[in-house]
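Trainee: There's a structure below that I have some questions on.
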Amino acid sequence: MNTTELEALIRTILSEQLTPAPEKKEICTKGVFGTPNEAINAAHQAFLRYQQCPLKTRSAIISGIRNELAAYLAELAEESATETGMGNKEDKFLKNKAALENTPGIEDLTTTALTGDGGMVLFEYSPFGVIGSVAPSTNPTETIINNSISMLAAGNTVYFSPHPGAKKVSLKLIRMIEDIAFRHTGIHNLVVTVAEPTFEATQQMMAHPKIALLAITGGPGIVLMGLKSGKKVIGAGAGNPPCIVDETADLVKAAEDIINGASFDYNLPCIAEKSLIVVDCVADRLMQQMQAFGALRITGADIDKLRAVCIQDGVANKKLVGKSPSHILQAAGLSVPPKAPRLLIAEVQGNDPLVTAEQLMPVLPVVRVNDFDAALALALVVEEGLHHTAVMHSQNVSRLNLAARSLQTSIFVKNGPSYAGIGVGGEGFTTFTIATPTGEGTTSAKTFARSRRCVLTNGFSIR
Ligand code: NAD
């Protein structure tokens, strides 16, 4: 080495000692990873930092999500309808809007206290850690918006398992939420997922030791899989909501509400009216009124054609789930009227597969019964003890009470469309995760938090 080279080397060494090494910037992965393991580890690291943040940071993320996603709801609704091939963009927009605006934030985590001669006890809600959230294809973006707000409000971070059939729109939304959360916290990976959300990835997630809680929104298969995982599960499973109408009901309102509820997003919501059970003396008038509001009544041998395409091997034909009434008519080889019907109705027996299978299609079977007692008895059979949702139209308070008490559903809507039960056009907050088999019901931030007890002896009782 000559003198010049030696001087250059000394200068380099000296400058390295004087100038601190540049801080390693976090690589902006935007929440999407190659494997569940990488994603969950990243969400766990994020949780350790998020746990140190004050409550106002959580509120800031939630306000950011509400403010910034509003402009994208129409786009997300359209992409969701296109990618899944189910439902319609107009109703999906309303569902996303309800999730964004009406999911409670940190105000849901109310502290309670007990005081007495022995001192004071505080009951507070704390986060679990990383939650594994499984979202369905029927409400993909609504569930991700709703769960993100609830779970982040409760101080958790989230690994999402979107439905493979809604991969593109779900990943886009998760990246957007991750970015908003990062800009309000400086912490990456508060919400994460994988680039290929396969069934195998969901299985790996369920077995991962750093997943503290599973929140599963989907059909019976996936909820059961979660229940077998050995982890705590909030299971939001399938339903088959019956709708009872008795002779005291306001028939015009009932007809309109039922059409609105059963046709909403082509009947994809798990809470939507899936069968109508009506007492004989008002059945004809109710169906006429429903026709006046845009229902098409299918009769005679056409019902057999309809059943043959809607139900296959005893379950809903996946190809027709969430399709429009006109599409279903065409598939059944039936003529489509010039004015597209909003809902197809067909009078059938109580044990018809159209009644007993969860269809998720704008096809509402109507069962005529003698009286209210028979209606309630059938509704109990149709609901199958799923404890999901039921609807009833009646002015008789005793009957409404009896039905609500007997059915024991997580949601019971009286004299309104089913979606009033998830805070769309009805009182109350919005949720798209209705925990039925595990009993938490309509979930919100506090559902995704641990209840903890903090005791101070001999003090802070000022009574
Ligand atoms: P689905 O059960 O097919 O899928 C739900 C989720 O589970 C998806 O993310 C899917 O990828 C995953 N999954 C399914 N099978 C899997 C497997 N073998 N391995 C790993 N992951 C698997 O449900 P769907 O068709 O998307 O949604 C409709 C169902 O969900 C209906 O039964 C409906 O009632 C129910 N649902 C319930 C609620 C509720 O809040 N209770 C809300 C929406 C939908």
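The values are calculated or read from the model by the stated rules, or taken from the named source; none is laboratory data. All of these numbers come straight from a predicted model, not from anything done at the bench. Neighbour counts are summed over all protein chains in view; Cβ atoms, including those assigned to glycine, are modelled from backbone coordinates with ideal geometry. Please note that ligands, DNA and RNA were not included when accessible areas were found on the heavy atoms of the full protein model with its side chains. Shrake-Rupley method; radii C 1.70, N 1.55, O 1.52, S 1.80 Å.
Trainee: Scan segment 243-256 for residues that are assigned to a loop (DSSP other than H, G, I, E, B) and open to solvent by less than 10 Å² (accessible area, probe 1.4 Å) and jot them down.
Mentor: 246
Trainee: Here's another thing I want to ask about it. Within segment 262-294, how many residues turn out to be in a helix (DSSP H, G or I) and more than 16 Å from the ligand (Cβ to nearest atom)?
Mentor: 14
Trainee: Here are some residues: 354, 380, 364, 334. Which one is touching a Lys or Arg at 6+ places or on another chain (Cβ under 9 Å) and open to solvent by 10 Å² or more (accessible area, probe 1.4 Å)?
Mentor: 334
Trainee: Among the residues of segment 85-101, is there at least one that is open to solvent by less than 40 Å² (accessible area, probe 1.4 Å) and farther than 22 Å from residue 430 by Cβ?
Mentor: Scanning segment 85-101 turns up at least one residue that is open to solvent by less than 40 Å² (accessible area, probe 1.4 Å) and farther than 22 Å from residue 430 by Cβ.
Trainee: Looking for something away from the ligand (no atom under 16 Å from the Cβ), open to solvent by 30 Å² or more (accessible area, probe 1.4 Å) and touching a residue at least 24 places away in the same chain (Cβ under 8 Å) - is there at least one such residue anywhere in segment 384-391?
Mentor: No: segment 384-391 contains no residue that is away from the ligand (no atom under 16 Å from the Cβ), open to solvent by 30 Å² or more (accessible area, probe 1.4 Å) and touching a residue at least 24 places away in the same chain (Cβ under 8 Å).
Trainee: Here is a check on your reading of the model: is residue 170 crowded, with 21+ Cβ neighbours inside 10 Å, assigned by TED's automatic domain parsing to the domain that holds residue 61, within 20 Å of residue 70 (Cα to Cα) and of a type outside the set (A, V, I, L, M)?
Mentor: Judged against the criteria, residue 170 is a match.
Trainee: From the list 285, 368, which residue is farther than 27 Å from residue 82 by Cα and in contact (Cβ under 8 Å) with a residue 40 or more places away in the chain?
Mentor: Going through 285, 368 in turn, just one is farther than 27 Å from residue 82 by Cα and in contact (Cβ under 8 Å) with a residue 40 or more places away in the chain: 368.
Trainee: Output the residue which, of all residues in segment 313-324 that are outside any strand (DSSP E or B) and among the small types (Gly, Ala, Ser), is most open to solvent (accessible area, probe 1.4 Å).
Mentor: 314
Trainee: Now a separate question. Return the only residue of 340, 301 being surrounded by fewer than 17 Cβ atoms within 10 Å (Cβ to Cβ), within 24 Å of residue 85 (Cβ to Cβ) and away from the ligand (no atom under 16 Å from the Cβ).
Mentor: Result of the check over 340, 301: 340.
Trainee: Mind checking which residues of segment 434-463 are crowded, with 17+ Cβ neighbours inside 10 Å, assigned to a loop (DSSP other than H, G, I, E, B) and hydroxyl-bearing (Ser, Thr, Tyr)?
Mentor: 436, 438, 443, 444
Trainee: State the number of residues belonging to segment 295-312 that are part of a helix (DSSP H, G or I) and either under 27 Å from residue 252 (Cβ atoms) or out of contact with any Pro (no Cβ under 7 Å at 6 or more places or on another chain) (or both).
Mentor: Total meeting the criteria: 9.
Trainee: Condition check: farther than 30 Å from residue 281 by Cβ, part of a helix (DSSP H, G or I) and more than 10 Å from the ligand (Cβ to nearest atom). Does residue 259 satisfy that?
Mentor: no
Trainee: Identify all residues within segment 392-419 that are under 21 Å from the mean Cα position of the chain (by Cα) and either crowded, with 23+ Cβ neighbours inside 10 Å or without any contact (Cβ under 8 Å) to a residue 60 or more places away in the chain (or both); write none if there are none.
Mentor: Matches in segment 392-419: 408, 409, 410, 411, 412, 413, 417, 418, 419.
Trainee: Identify the single condition in (1) within 15 Å of the ligand (Cβ to nearest atom); (2) in contact (Cβ under 8 Å) with a residue 60 or more places away in the chain; (3) of a type in the set (Lys, Arg) that residue 228 does not satisfy, given that it satisfies every other one.
Mentor: For residue 228, the failing item is (2).
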